[in-house]
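Shown next, in structure tokens, is the structure this report addresses.
The values are calculated or read from the model by the stated rules, or taken from the named source; none is laboratory data. Being a predicted model, the structure only gives us computed values, none of them experimental. No Cβ is skipped: glycine too gets one built from the backbone with ideal geometry, and neighbour counts run over all protein chains shown. Keep in mind that these areas ignore ligands, DNA and RNA; they rest on the heavy atoms of the full protein, side chains included. Shrake-Rupley method; radii C 1.70, N 1.55, O 1.52, S 1.80 Å.
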Amino acid sequence: MTRKTVRIAMNGVTGRMGYRQHLVRSILALREQGGLDLGDGTVLWPEPILLGRREHALREMADRHGLEHVSTDLDAVLADPTVDIYFDSQVTSAREESIKKAIAAGKHIYTEKPTATGLEGALELARLAQEKGIRHGVVQDKIFLPGLLKLKRLIDGGFFGRILSIRGEFGYWVFEGDWQPAQRPSWNYRAEDGGGIVVDMFPHWEYVLHELFGRVTSVQALATTHIPQRWDEDGKPYDATADDAAYGVFELEGGAIAQINSSWAVRVNRDELVEFQVDGTEGSAVAGLRNCRAQHRSATPKPVWNPDIPATEVFRDQWQEVPDNAEFDNGFKAQWELFLKHVYADAPYHWDLLAGARGVQLAELGLKSSAEGRRLDVPEIAL
């Protein structure tokens, strides 16, 4: 075996997602398993360079995990010819400019979403990357999670017949920050800092719908701010200027209709923090992040509406658990592996910056739909 060191500049790893999912559960997990075997006698050994604004936080993190390289100088890191890949999990408002610099430096790009604050900027990143001839990918983690992988297995096996509708519920109560600390950073609730649930979650819904059911062709959304005042990390009150809930209806290519509610002001009364119910002519399924239950046409009960007597059926018990039939790795790690194989083994990969731009487009149109109170077409985009 030949070990090839891959130096990855990881910008924004002091944030929750960048640290837990991308550094610890993806890159460090790859190191713990001995690297990534490409199958040709080569093992990739990821060597992260921790980038950010707070050197003390970066050094503490590096010491905790036995890492050597930290920096607060993005330009210097990008100028280093030994750095192969630039990864970005910064706040959205800082992402676009940093990725442009990385593209100009000829680095391969892997990034969280949304890739930019608007469609024009997202498309520019995709064009620049194409012109530079680099490899580029955008995190689309939900489709790599066990529940949705099981759902895709049902779709690919023809379980549903003709798919009629998809209903999604996502969210949980994010504490305001006054009497209990909030679980999300305060910038999420300031539009001027790139916050808002539409900007955050509609890119997720775009790729989930696109990959599993078909391209989104229209959107009608209502975005609102249910909690107008919150308290920041220092305990100071601030006005929430970004939407904290969004209710969307999406038409899909092929005729299916999706309805997805997204909220940081909802208390959870379901099995997982996100669930999708898919109904088809031949069967239905409910999928979360890990689990999936199904009900075939031949096993569908015949409920009768009678509000005058108590329900005699436990409806949840009438569904069958879809078995794992496989071992599922962390979804973020699984996509990192595919991207690294794309860069170093020329493996196919289509979750690129153009795919990321589709997510930005849907968020942009969702906000416009809400502001104008009407349904909007979602045109196809291309470079």
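Miscellaneous remarks
- The one condition from (1) in contact with an Asp or Glu (Cβ under 8 Å, 6 or more places away or on another chain); (2) at pLDDT 95 or above that Pro185 does not meet is (2).
- Being out of contact with any strand residue (DSSP E or B) (no Cβ under 6 Å at 6 or more places or on another chain) and at pLDDT below 95 is a property that Met17 has.
- Residue in the stretch 354-365 that is surrounded by fewer than 17 Cβ atoms within 10 Å (Cβ to Cβ) and either of a type in the set (S, T, N, Q) or more than 30 Å from His296 (Cα to Cα) (or both) present: no
- Contact annotation: residue pairs with Cβ atoms under 6 Å, 6 or more positions apart or on different chains, pairing a residue in the stretch 11-28 that is closer than 19 Å to Gln183 by Cα with a partner that is open to solvent by less than 10 Å² (accessible area, probe 1.4 Å) and assigned to a helix (DSSP H, G or I), are Gly12/Gly18; Val13/Leu23.
- For beta carbons closer than 6 Å, sequence separation of 6+ or different chains, a first residue in the stretch 146-173 that is touching a residue at least 60 places away in the same chain (Cβ under 8 Å) and in the same structural domain as Asn269 (by the TED database) and a second that is hydroxyl-bearing (Ser, Thr, Tyr) and not in a helix (DSSP H, G or I), the qualifying pairs are Gly161/Thr281; Arg162/Thr281; Phe170/Ser262; Gly171/Ser262; Gly171/Ser263.
- Just one of the numbered conditions (1) aliphatic (A, V, I, L, M); (2) open to solvent by less than 30 Å² (accessible area, probe 1.4 Å); (3) under 22 Å from the mean Cα position of the chain (by Cα) is not true of Leu376: (3).
- When Pro114, Pro81, Pro48 are screened for being outside the structural domain of Asp193 (by the TED database), open to solvent by less than 40 Å² (accessible area, probe 1.4 Å) and part of a loop (DSSP other than H, G, I, E, B), only Pro114 passes.
- Near pairs, Cβ below 8 angstrom, 6+ apart or cross-chain, from the stretch 177-191 (within 13 Å of Gly235 (Cα to Cα) and open to solvent by 40 Å² or more (accessible area, probe 1.4 Å)) to any residue that is charged (D, E, K, R) and part of a helix (DSSP H, G or I): Pro185/Arg16
- Of all residues in the stretch 137-150, those satisfying the criterion of being among the hydrophobic types (A, V, I, L, M, F, W, C) and in contact with a helix residue (DSSP H, G or I) (Cβ under 7 Å, 6 or more places away or on another chain) are Val138, Val139, Ile143, Phe144, Leu145, Leu148.
- Residue list for the stretch 122-145, restricted to those being out of contact with any Leu (no Cβ under 8 Å at 6 or more places or on another chain), touching a residue at least 40 places away in the same chain (Cβ under 8 Å), open to solvent by 10 Å² or more (accessible area, probe 1.4 Å) and part of a helix (DSSP H, G or I): Phe144
- Test: Ala246 is in contact with a Phe, Trp or Tyr (Cβ under 6 Å, 6 or more places away or on another chain), more than 22 Å from Ile155 (Cα to Cα) and modelled with pLDDT of 95 or more: no
- Test: residue in the stretch 335-346 that is assigned to a loop (DSSP other than H, G, I, E, B), more than 23 Å from Ala221 (Cβ to Cβ) and not hydrophobic (A, V, I, L, M, F, W, C): yes
- Filter pass, Leu209 being within 26 Å of Ala334 (Cα to Cα), part of a helix (DSSP H, G or I) and open to solvent by less than 40 Å² (accessible area, probe 1.4 Å): yes
- The stretch 1-40, subset more than 13 Å from Asp88 (Cβ to Cβ) and small (Gly, Ala, Ser), residue most open to solvent (accessible area, probe 1.4 Å): Gly39
- Among the conditions (1) part of a loop (DSSP other than H, G, I, E, B); (2) touching a helix residue (DSSP H, G or I) at 6+ places or on another chain (Cβ under 9 Å); (3) more than 12 Å from Thr111 (Cα to Cα), the only one that Trp351 does not satisfy is (3).
- Residue match in the stretch 151-160 (condition: touching a strand residue (DSSP E or B) at 6+ places or on another chain (Cβ under 8 Å) and within 25 Å of Pro46 (Cβ to Cβ)): no
- Selection count where residues are within 13 Å of Lys132 (Cβ to Cβ) and either open to solvent by 30 Å² or more (accessible area, probe 1.4 Å) or of a type in the set (A, V, I, L, M, F, W, C) (or both), scope the stretch 84-111: 10
- Among the residues of the stretch 35-67, those that are closer than 30 Å to Met1 by Cβ and modelled with pLDDT under 95 comprise Gly39, Asp40, Gly41.
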